[in-house]
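The values are calculated or read from the model by the stated rules, or taken from the named source; none is laboratory data. The structure presented is a predicted model; accordingly, all values stated were derived computationally and were not measured. Please note: Cβ atoms are built from the backbone with ideal geometry, for glycine as well, and neighbour counts cover all protein chains shown.
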Amino acid sequence: MRVMVLWCPDWSVVAALDEAGRSLRAPAAVLAANVVEVCNGPARTEGVRRGQRRRDAQSRCPELLLLTANPDRDARAFEPVLATVEDLRPGVAALRPGLLAVRAPGSWYGSEEEAAATTCQAVVETGVWDVRIGIADDLFTAEQAARTADVQSWAVVPEGGSPAFLRRLPVQVLADDGPRGRELVGLLQRLGLHTLGDLADLPGDAVEHRLGAYGATVRRRARGEDRALFAARTPPPELEAEVPFEPALESVEAITFSVRTTAERFVERLAHHQLVATAVRVEAESEGVVCSSRAWLHPRHFTARDLVDRVHWQLQSAGTVEGVAGALRARKASGAVREPIDRVRFVPEVVEPAAAHGEALWGTASDDLVERGVARVQGMVGFEAVRRPVLQGGRSPAARQALVPWGERPVDLRPRDRPWPGRVPGPAPVRVFATPPAAEVVDASGHLVVVTDRGVVSGEPCRFRVSGGVLPWQPVTAWTGPWPTDEGWWSGGSGPTARFQVVGADGRAWLLVRSPEGWSLEAAYD
């Protein structure tokens, strides 16, 4: 079996630059734990190397663009390359993002060189510029041949020529095998072995005794005797579902009714593969052009009824309407979409094993009833009008709250495990005022208590009141603070603030805030 390996150098950098919309000619490096994991050609020209610390890499190339390692991003970006090669020759094995292997399709295209040329051209047409191909008797030799090829070119090792081809290669090529390979390269160099031929000439039993099973495997590779097999991937199932309308429909109600069967088929197809969808993109087309597209998230997984509701909300949404009566009027007025819809498509963006979303021992009937009731309310007042609170990171009680539409998974929340200096310690208040009322706090002599920029209190709080008749003057029986913060100063925020916990004579506790504008009542404790 002849093996063809396709290699796209520096793939992590290529995928990251493409995601960021930056030029591929810019010097860039992908970092993991502040260490250069991959760098591209322009960065290597300036002296950046894999394994360098961040500071060392920036000292050699001050304009170096630093990118974050993201294996999922790299795999997603490499999927079009896999699909392209798979169309030419089934049985593709994704070794890692940027590197794939397949049985060499020489006889079908006339020769192995013509097969490599056809594959290379097809991949370049997908937008990947730097692609190199190697063909040999075994996987390791084919990969090394690809690494010796030029851009958009190929290297073919003749049958039986693997040992001769590998002998002249330096042992540094083994460093691509991860930390274990890099450790072995250092040991071989200290032993005076600088090429794979030097390693191949050593007795097999001596290598295994000194370097272990891994060293024996590397020696077989260096001799061209490694016949390691690769597992071809199974093409992912086609999970999308769509429904065409002929003629095109202009009513939201008619479209919603017409997609029910397709939604059920979509969920059943996922169930057939023992999958559920937790994120689905709903697309609506008008005259072949996508006029409405939105990715929906679900806290558990989508059912057919959930998908129908999302189609209804997406096509009907025309902004949040205040009040149930106004929402009902808007619903009646928006029974027709802005343009005729001739196709609706369900695209699963995140699928998970169904076993991970199994029902509890006694079922989830009560939860389903609650969700259906809330869905009815959302149908009347709009999807964005029904929200639930979730906890996120922040310093003030108001900043730690986030409102998420019911049925939507919370995303882009501030992390809760950060230190958040200046955060008021627990317990959390039971009521946070949406509009904090103004307040006054005075010391024993009747002067207004203020807090300096250094967090020093001008006097001990003795009495306080809340304006607007909310709370009359009360003596302060206990207080603690301040907790100073200075947030948003770079964007014209509120400036330096300080928070105090105070207990009034009636036994109730309050959270008061001193800002440049004065005192205000932020929250109340139970």
Near pairs, Cβ below 6 angstrom, 6+ apart or cross-chain, from region 33-55 (farther than 10 Å from Asp10 by Cβ and in contact (Cβ under 8 Å) with a residue 12 or more places away in the chain) to any residue that is in a loop (DSSP other than H, G, I, E, B) and of a type in the set (A, V, I, L, M):
Glu37/Ala69
Give the residues of region 63-116 that are buried (at least 17 other Cβ atoms within 10 Å of the Cβ), closer than 23 Å to Arg50 by Cα and acidic (Asp, Glu), sorted by residue number.
Asp74
Could you please find all residues in region 302-335 being at pLDDT below 85, on the phi < 0 side of the Ramachandran plot and assigned to a loop (DSSP other than H, G, I, E, B)?
Ser317, Ala318, Thr320, Val321, Glu322, Ser334, Gly335
Quick check on Thr477: is it in a strand (DSSP E or B), out of contact with any Ser or Thr (no Cβ under 8 Å at 6 or more places or on another chain) and not aromatic (Phe, Trp, Tyr)?
yes
How many of the residues making up region 86-117 are over 29 Å from the mean Cα position of the chain (by Cα) and farther than 27 Å from Ser23 by Cα?
18
Conditions (1) more than 24 Å from Thr118 (Cα to Cα); (2) touching a Phe, Trp or Tyr at 6+ places or on another chain (Cβ under 8 Å); number of the one not met by Ser59
(2)
Taking the criterion of being modelled with pLDDT under 90, on the phi > 0 side of the Ramachandran plot and surrounded by fewer than 17 Cβ atoms within 10 Å (Cβ to Cβ), would at least one residue in region 205-227 satisfy it?
yes
Filter region 249-264 down to the residues that are of a type in the set (Asp, Glu) and not in a strand (DSSP E or B) and list them by number.
Glu253, Glu264
Specify the residue that is farthest from the chain's Cα centre (by Cα); the eligible residues are those in region 411-448 that are over 20 Å from Gly468 (Cα atoms) and crowded, with 16+ Cβ neighbours inside 10 Å.
Asp443
Kindly list the number of the only condition in (1) closer than 21 Å to Ala398 by Cα; (2) touching a residue at least 40 places away in the same chain (Cβ under 8 Å) that fails for Val449.
(1)
Could you look through region 99-118, keep only residues that are hydrophobic (A, V, I, L, M, F, W, C) and touching a residue at least 60 places away in the same chain (Cβ under 8 Å), and pick out the one that is farthest from Asp177 (Cα to Cα)?
Ala115
Which condition number in (1) surrounded by fewer than 18 Cβ atoms within 10 Å (Cβ to Cβ); (2) more than 30 Å from Arg76 (Cα to Cα); (3) in contact with a Phe, Trp or Tyr (Cβ under 9 Å, 6 or more places away or on another chain) is the one that Ile255 fails?
(1)
Note: among Trp406, Trp483, just one is under 30 Å from Ala277 (Cβ atoms) and surrounded by 15 or more Cβ atoms within 10 Å (Cβ to Cβ), namely Trp406
Counting only helices (runs of 4 or more DSSP H) wholly inside region 119-233, the ones holding at least 1 residues that are touching a residue at least 40 places away in the same chain (Cβ under 8 Å) and in contact with an Asp or Glu (Cβ under 7 Å, 6 or more places away or on another chain) are 139-148, 162-167
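Does region 456-474 hold any residues that are among the polar types (S, T, N, Q), assigned to a loop (DSSP other than H, G, I, E, B) and modelled with pLDDT of 85 or more, and which are they?
Restricting attention to region 456-474, the residues satisfying the condition of being among the polar types (S, T, N, Q) are 458, 467, 474.
Adding the requirement that they be assigned to a loop (DSSP other than H, G, I, E, B) leaves 458, 467.
Selection gives Ser458 alone.
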